[in-house]
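Worksheet: the structure to be examined is printed underneath.
Read-outs throughout are calculated quantities, based only on the coordinates presented, and are distinct from any laboratory measurement. Bear in mind the structure is a predicted one, so any value in this text is a computation, not a measurement. All Cβ positions, even for glycine, are placed from backbone atoms using ideal geometry, and neighbour counts span all protein chains on display.
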Amino acid sequence: MEEVGGSNPPRSTKLLLCYNPGMEELIAVEQLIIQAKSKGVNFGKGDPYNRLRYYTKMGWLPNMKRKKGERGAAKGHYPVWALSRLILIEKLKDEGLQNSEIARKLATQSGLVGLRALFVSPEVRTRLVLYSSFVLLLAILGISFGCSGELWFHTAALAVGIVATCIFSLKIVFNEY
């Protein structure tokens, strides 16, 4: 299939730093609706397409991408992750949350996804280890060259703080805390 329209990052996931529109797996709108209904998503009395458009307008779903089908006609597609987003929206609506509260929850979830993606990146992990090691090296050099008093205390505190922050951040991101 050939992409027809442009590709914009999902509105509610702009924090997702590793967003790569060329690598997304897509699902046809018809299939998305069928799968969502089978998983308990209630599109209401109206047309499910209108509900998807409304969620897109609210920024809860990304813009639909148009791709040429086998017969040449352009068809709408969403990223595969839109199905889990629809299920989450349905769950939040069932809990009685207002639209503003749902938007806030979705933005928080998207931010965590972006943060997790950031820490999964080998480059970021390497930098965290490198910076932490550098600060620890400064602390060790301070001890070796007779750094004493307040300077030593502040250097050691900085080193411990950076290492602790990195470890704590990674534990939160990977749900280990």
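Under a 5 Å amide H cut-off, with hydrogens placed 1.01 Å from N, Trp60 pairs with nothing among residues at least 5 apart or on other chains.
By the count of other C-beta atoms within 10 Å, a proxy for reagent exposure, Trp60, Trp81 are ordered fewest to most as Trp81, Trp60.
Once the chain from Asn42 to Arg127 is taken as fully extended at 0.36 nm per residue, the excess over their C-alpha distance is 26.1 nm. In terms of distances greater than 27 angstrom between alpha carbons, the cross-link table entries Lys75/Lys105; Lys68/Lys93; Lys45/Lys105; Lys45/Lys93; Lys45/Lys65 yield Lys75/Lys105; Lys68/Lys93. Note on Asp94 and Arg71: their simple-model spin labels are 3.6 nm apart, each label 7 Å out from Cα toward Cβ.
Under 5 Å between amide hydrogens, built in the peptide plane, is the criterion, and for Lys75 it picks out Lys67, Lys68, Gly69 among residues at least 5 positions away or on other chains.
Approximating the spin labels as points 7 Å out from Cα along Cα→Cβ, the His154-to-Gln35 distance works out to 5.5 nm.
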